[in-house]
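The values are calculated or read from the model by the stated rules, or taken from the named source; none is laboratory data. The structure displayed is predicted, hence computed values, not measured ones. Neighbour counts are summed over all protein chains in view; Cβ atoms, including those assigned to glycine, are modelled from backbone coordinates with ideal geometry.
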Amino acid sequence: MVNADIDPDDGHAGVSRRRFLEVTGATGAAVGLAGCGGSGGDGGDGPIQITMDGEWEGISDSVIESLYEAGLDESIEVEILPGDFESGARRSEFTSALDAGRASPDIFMMDSGWTIPFIARDQLVNLSEELSSDTLDYVDGNYLESAVSTASDPETGDLYGLPLFPDYPVMHYRKDLVEEAGYDPEGDNWATEPLSWREFAEVAADVWEQNGGPDGDEIDYGYTTQADNYVGLACCTFSETITSFGGAYFGDHENLFGPIGDRPITVTDEPVLNTIRMMRSFMEGPDAEYAHPDFPQISNSDLRSFTEEPSREPFTSGNAIFHRNWPYAIPLNLDSEEFDAEDYDVMPLPYGVESGEGMYEGTGGPAAALGGWHLSINPNTQRLDEAVQVLEAFANEDVMVNNFSEGGYLPPNPSVTESVDPEEVGALGDFLDTLAVSGQNTVPRPVTVAWPDQGSQVASQVSDAYAGEKSPEQAMSDLESSLESLEEDLAE
Amino acid sequence: MATDTPADGSGSVFARPLNWLETQSEEVYAYVLLAPAFLLLGVVAFYPLIATFRFSLLANSLSGAEPFGEFIGLGNYVDLLTGETPFTQQFISVTLADGFPFVEFGAPFLQQALLVTLAFAIASVVFETVIGFGQALVIDQDFYGRRWVRVAIIIPWAIPIVIQGMIFFLIFNPTIGWGTEFMQWLGVFGDNPLSSSTDSFFIVLVADIWKTTAFMALLILAGLQSIDRGLYDVARVSGASPWQRFKYITLPLVAPALLVAMLFRTLDAMRIYGLIDATAGCETVPSLTCLVITALQESRRWATASAVAFLTAIVISAFVVAYLVALRRSSGGVA
């Protein structure tokens, strides 16, 4: 123990200053050195790490096994790490990893909605220079074009991410209620032949009416979708609906990825305004202010607070007839306790005007917003060659089928979806025809470095218009000026 | 044992400073011992503040690997204070006008982060202080079941912010909540309270008051219990009414504790984020912290985010200074 001297002056047991500093100083230095000892790994050895999410981590054994079967050298160890499930949180995580120049993880799973800003900032490996020409040709010739475009440099066209799985929404519906109301989805081929928005709305209104309607208390919603003021409104639900009416944010679809400052802003066009009016009718009825007189009421203003899950819950619990959502909702709906699996089906989203009749190239027809994820390589990785080999293995049809059947992830090559054995892929097997049609009609997100700001402006103005706080004309003209000023700010 | 060996042999490097230290006064010795703590405080508190200020003077770089651009001086501050940022919510966007009320709002009142935060801080602290004071006076009394009343008052304080946010979110959730219909029946809320800035502001305010009044009550109770009961006896004997006893004894003596409690609450209220995030979301009720998060995570405008953070620190320190002045005055007569 420390020397305890009796201080002759005051009689207290004390410790000399010298002794006190020596002991505390030595302890502090030892603790400090111990802290320095645990240095971070440099990513030089151990397995190739891919940050994905908890769902992928759950099926990682089968995914990795399929990579080896596809020809990946078995001496290359692969580890799938669970990233945050929420896309925005993962973007922040990757931003800080790349800004800090960290070597780990070697491969990122990136949202197609935010890969391009990383490409623009030169923070990813250029796969056009690294992948074999066979793989590049296969991707070029077979992958979903709109998915590849969200993984490529908009200026050079070079590939920076390998599409892993695309995601596109479908209309989920209660087949039993629709048939009881006198419709024949199977005879009319709803699974592959999209309805127009007007036909859809009339059917939805009629079926809802026969089940109590807006004033009854049997079923709360004829239709649920996502119309909250959030990122999904701008990238997806609003974007796909204006596209199906023949409108667009930036004119022709080739302008979706730029050039910033040198493309038209077309949000004040009639198709965009009509989309808002139609949604107003769906929520408030055709007689409401700023509503479209030709569309009936098929839902209510709760839509304005719905994101994906809140809009799915009423459907799965038997409280909605039609519901727009991504394929992830299919297995959940099949498991519903409120209706049987055979009472449920999906169809492509409705269209506003016929394909090709829109105001701009790429618009019109049953547009479905394209979500989905890519794999891209960390430029700071110590083992570029091995990481490239892992990506090569992912560009394999057996791996795609495995991911589809194990996790429900759609193949990035649509022909694989069409040719796959329905028995092999479980719950999604019954809906392959609809997914194939939706896959042919995808509209990519307008992702540029300006989009994070532009997307919030779109969501905010469209929300105001949906709420009737502004006329569609006023909201879209306000939106036009803020989009323009952002384009000017960022034009280079 | 190692510590029993004389230090002179092994610590020759430290011998001189140690010898010097032995000759210094208690005060110098105290400062020497405190120096590492101050150094640590400097690293964890002042360095981030200075770094944030330095970042805020740079341009945003949206298309470079490095998030900061060239030095632009106070450009980010000018944009923030004139309402020229590219966000859907502004820091502040107010211009002077000729006629009454002499100001014009460039964006709606509740879409301006500074105004939202100030309104929230003032309203929540006032209500929490008044209600908390009332609760403290009640639980300061001796009555049967006092223990249970104390528990009931403290329970909201024990609930995690996010859980509490979820409670209010679910109350006003359109599919399962009962709150919207009830408030509409009272005739005060619209169809979608959680997507209306005004309705949501009140939801967040009430949620905060419900939770943190208990905190105020506890701190004020501590102040009340430190008051010498003999003073009340003297007052009673001298014929002072209950109001006079409160005004001349309770209030002045509890004032220092009250001001400290209000200071803590104001600081907390100015930083409000979690409760908003868990209920209405930053798009609907944008507080100052919300604006920092939006600028940083959604826009990747690090420099603008730094400027908002620094301005937030300035606003908060203005409040702190005001409280410290008030505190000095209130304790001046006592201490």
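Going by the structure shown, is A:SER456 touching a residue at least 40 places away in the same chain (Cβ under 8 Å), buried (at least 21 other Cβ atoms within 10 Å of the Cβ), within 14 Å of another protein chain (Cβ to nearest Cβ) and farther than 30 Å from A:ASN378 by Cα?
For A:SER456, the condition - touching a residue at least 40 places away in the same chain (Cβ under 8 Å), buried (at least 21 other Cβ atoms within 10 Å of the Cβ), within 14 Å of another protein chain (Cβ to nearest Cβ) and farther than 30 Å from A:ASN378 by Cα - is not met.
Of all the residues that make up region A:443-492, how many are touching a Cys at 6+ places or on another chain (Cβ under 9 Å) and of a type in the set (Asp, Glu)?
Total satisfying the criteria: 0.
Counting only residues that are under 28 Å from the mean Cα position of the chain (by Cα) and surrounded by 12 or more Cβ atoms within 10 Å (Cβ to Cβ), give me the helices (runs of 4 or more DSSP H) lying completely in region B:128-192 with at least 3 of them.
B:146-158, B:161-171
All but one of (1) over 30 Å from A:SER96 (Cα atoms); (2) in a strand (DSSP E or B) hold for A:TRP373; state the number of the condition that does not hold.
If we test A:TRP373 against (1) over 30 Å from A:SER96 (Cα atoms); (2) in a strand (DSSP E or B), just (1) comes out false.
Taking B:ASN76, is it modelled with pLDDT of 85 or more and within 11 Å of chain A (Cβ to nearest Cβ)?
When the stated conditions are applied, B:ASN76 does not pass them.
Among the residues of region B:22-59 satisfying the criterion of being part of a helix (DSSP H, G or I) and in contact with a Leu (Cβ under 9 Å, 6 or more places away or on another chain), which is surrounded by the most Cβ atoms within 10 Å (Cβ to Cβ)?
Across region B:22-59, the extreme among qualifying residues is B:SER56.
Taking A:GLY216 and the conditions (1) away from chain B (no Cβ under 14 Å); (2) within 12 Å of A:PRO446 (Cα to Cα); (3) more than 19 Å from the chain's Cα centre (by Cα), which numbered condition does it fall short on, given that it satisfies the others?
(2) is the only condition that A:GLY216 fails.
Could you say whether any residue in region B:117-124 is at pLDDT below 90 and in a helix (DSSP H, G or I)?
no
When both residues are 6+ apart or on different chains and their Cβ atoms are under 7 Å apart, which pairs have a first residue that lies in region A:258-273 and is farther than 16 Å from A:GLU361 by Cα, and a second that is in a loop (DSSP other than H, G, I, E, B)?
What qualifies is A:ILE260/A:THR448; A:ILE260/A:ALA450; A:ILE260/A:ALA491; A:GLY261/A:ALA491; A:ASP262/A:ALA491.
Of the conditions (1) surrounded by fewer than 16 Cβ atoms within 10 Å (Cβ to Cβ); (2) assigned by TED's automatic domain parsing to the domain that holds A:ARG121, A:GLU473 fails just one. Which one is it?
Only one criterion in (1) surrounded by fewer than 16 Cβ atoms within 10 Å (Cβ to Cβ); (2) assigned by TED's automatic domain parsing to the domain that holds A:ARG121 is unmet by A:GLU473, namely (2).
To keep it simple, each residue is scored yes or no on (1) within 14 Å of chain B (Cβ to nearest Cβ); (2) in a strand (DSSP E or B); (3) touching a strand residue (DSSP E or B) at 6+ places or on another chain (Cβ under 7 Å).
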residue	(1), (2), (3)
A:ASP302	yes, no, no
A:SER311	yes, no, yes
A:PRO314	yes, no, yes
A:ARG324	no, yes, yes
A:ASN333	no, no, yes
A:PHE339	no, no, yes
A:GLU354	no, no, no
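Are there any pairs with C-beta distances below 9 angstrom linking a residue in region B:158-183 that is away from chain A (no Cβ under 11 Å) to a residue that is in a helix (DSSP H, G or I) and of a type in the set (Lys, Arg), with the two at least 6 apart or on different chains, and if so which?
Note: pairs meeting the criteria are B:ILE159/B:LYS211; B:ILE161/B:LYS211; B:GLN164/B:LYS211.
Consider A:ARG280 against the criteria (1) more than 14 Å from every other protein chain (Cβ to nearest Cβ); (2) at pLDDT 90 or above: it satisfies all of them except one. Which criterion is unmet?
(1)
A:PHE165 fails exactly one of the following numbered conditions: (1) outside any helix (DSSP H, G or I); (2) within 28 Å of B:ARG301 (Cβ to Cβ). What is the number of that condition?
Of (1) outside any helix (DSSP H, G or I); (2) within 28 Å of B:ARG301 (Cβ to Cβ), only one is false for A:PHE165: (2).
All but one of (1) in a helix (DSSP H, G or I); (2) of a type in the set (A, V, I, L, M); (3) within 14 Å of chain A (Cβ to nearest Cβ) hold for B:ILE209; state the number of the condition that does not hold.
(3)
Give the residues of region B:92-116 that are modelled with pLDDT of 90 or more and not β-branched (Val, Ile, Thr), sorted by residue number.
B:GLN112, B:ALA113, B:LEU114, B:LEU115
Working carefully through the options A:SER376, A:SER419, find the one that is surrounded by fewer than 21 Cβ atoms within 10 Å (Cβ to Cβ), more than 18 Å from A:SER66 (Cα to Cα) and among the hydroxyl-bearing types (Ser, Thr, Tyr).
None of the other options fit; the residue is A:SER419.
Table: residues versus (1) out of contact with any Ser or Thr (no Cβ under 8 Å at 6 or more places or on another chain); (2) more than 30 Å from A:GLY157 (Cβ to Cβ); (3) aromatic (Phe, Trp, Tyr).
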residue	(1), (2), (3)
A:PHE250	no, no, yes
A:HIS253	no, no, no
A:ASP262	yes, no, no
A:THR266	yes, no, no
A:ASP269	yes, no, no
A:VAL272	no, no, no
A:PHE282	no, yes, yes
A:PRO286	yes, yes, no
A:ALA291	no, yes, no
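From the set of residues in region A:84-99 that are more than 14 Å from A:GLY113 (Cβ to Cβ), in contact with a strand residue (DSSP E or B) (Cβ under 8 Å, 6 or more places away or on another chain) and of a type in the set (D, E, K, R), which is farthest from the other protein chains (Cβ to nearest Cβ)?
By that ranking, first place goes to A:ASP84.
Can you tell me how many residues in region A:402-427 are aliphatic (A, V, I, L, M) and at positive phi?
0
Considering only region A:33-55, how many residues are modelled with pLDDT of 65 or more and either within 14 Å of chain B (Cβ to nearest Cβ) or in contact with a helix residue (DSSP H, G or I) (Cβ under 9 Å, 6 or more places away or on another chain) (or both)?
6
Among (1) within 14 Å of chain B (Cβ to nearest Cβ); (2) modelled with pLDDT of 90 or more, there is one condition A:THR448 misses while meeting the rest; what is its number?
Status for A:THR448: all satisfied but (2).
Do the conditions hold for A:VAL388, that is, is it at pLDDT 90 or above, more than 19 Å from the chain's Cα centre (by Cα), assigned to a strand (DSSP E or B) and not polar (S, T, N, Q)?
So A:VAL388 fails the test.
Could you say whether any residue in region A:133-153 is surrounded by fewer than 20 Cβ atoms within 10 Å (Cβ to Cβ) and within 14 Å of another protein chain (Cβ to nearest Cβ)?
There is at least one residue in region A:133-153 that is surrounded by fewer than 20 Cβ atoms within 10 Å (Cβ to Cβ) and within 14 Å of another protein chain (Cβ to nearest Cβ).
Search region B:184-202 for residues being more than 9 Å from chain A (Cβ to nearest Cβ) and hydrophobic (A, V, I, L, M, F, W, C), and hand back the single one that is farthest from A:GLU309 (Cα to Cα).
The selected residue is B:LEU186.
Could you check region A:463-475 and list, in sequence order, the residues that are under 17 Å from A:SER281 (Cβ atoms), out of contact with any Asp or Glu (no Cβ under 7 Å at 6 or more places or on another chain) and away from chain B (no Cβ under 11 Å)?
A:ALA465, A:SER471, A:PRO472, A:GLU473
Only one of these is over 24 Å from A:ASP294 (Cβ atoms) and either of a type in the set (Gly, Ala, Ser) or outside the structural domain of A:GLY407 (by TED's automatic domain parsing) (or both): A:ALA204, A:ALA147, A:ALA181. Name it.
None of the other options fit; the residue is A:ALA147.
Considering each of B:CYS282, B:CYS290 in turn, give the residue that is within 14 Å of chain A (Cβ to nearest Cβ), in a loop (DSSP other than H, G, I, E, B) and not aromatic (Phe, Trp, Tyr).
Sole residue among the options that is within 14 Å of chain A (Cβ to nearest Cβ), in a loop (DSSP other than H, G, I, E, B) and not aromatic (Phe, Trp, Tyr): B:CYS282.
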